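The values are calculated or read from the model by the stated rules, or taken from the named source; none is laboratory data. Remember, predicted model here, so these are calculated numbers, not experimental data. With ideal geometry, Cβ positions are generated from the backbone for all residues, glycine too; neighbour counts draw on all protein chains shown. Surface accessibility is based on the protein's heavy atoms, side chains included, excluding ligands, DNA and RNA. Shrake-Rupley method; radii C 1.70, N 1.55, O 1.52, S 1.80 Å.
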Amino acid sequence: MTIFLQSLDYQLWHIIVNGPRMPTRTIDGVVSPKPENEYNDNDFRMLQLNSKAKHVLFYLLEVTYEGTNQVKESKISMLVHEYELFIMHDNESISDMFTCFTTIINSLKNLGKSYPN
């Protein structure tokens, strides 16, 4: 991930590691946030990099935890198959069966697929 982010913009990796940078000014040795009406081109570039870093992190988290559209569709297909073939096994309690069924339904709901009652 380091190399990917550095290849996009080296400062992007720096922002992700050290946190966002905000435009500041120093008056009489006191550092304070700079008002928006005093921003220069460099300040706007810094803010743009902050936003770019957030965007890249959100995208990477989304792909990691939700998968791409193709992976999402594959998961939905597999869960729909489990839903359609769902049966209670011989030595399974009603509570266990309900837990299994609820897990399938909740997983489908989390992926954006739901069934009306």
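How many residues are in contact with a helix residue (DSSP H, G or I) (Cβ under 6 Å, 6 or more places away or on another chain) and either hydrophobic (A, V, I, L, M, F, W, C) or open to solvent by 90 Å² or more (accessible area, probe 1.4 Å) (or both) when one looks only at segment 88-117?
Within segment 88-117, the first condition is being in contact with a helix residue (DSSP H, G or I) (Cβ under 6 Å, 6 or more places away or on another chain), and the residues that meet it are 88, 104, 107-108, 111, 113.
Imposing the further condition that a residue be either hydrophobic (A, V, I, L, M, F, W, C) or open to solvent by 90 Å² or more (accessible area, probe 1.4 Å) (or both) reduces the set to 88, 104, 108, 111.
Result for segment 88-117: 4.
When you check Tyr83 against the structure, is it surrounded by 12 or more Cβ atoms within 10 Å (Cβ to Cβ), among the aromatic types (Phe, Trp, Tyr) and either touching a Phe, Trp or Tyr at 6+ places or on another chain (Cβ under 8 Å) or part of a loop (DSSP other than H, G, I, E, B) (or both), yes or no?
Working: surrounded by 12 or more Cβ atoms within 10 Å (Cβ to Cβ): yes; among the aromatic types (Phe, Trp, Tyr): yes; either touching a Phe, Trp or Tyr at 6+ places or on another chain (Cβ under 8 Å) or part of a loop (DSSP other than H, G, I, E, B) (or both): yes.
Answer is yes for this residue.
Before we move on, is Leu57 within 27 Å of Ser7 (Cβ to Cβ), open to solvent by less than 80 Å² (accessible area, probe 1.4 Å) and in contact (Cβ under 8 Å) with a residue 12 or more places away in the chain?
Judged against the criteria, Leu57 is a match.
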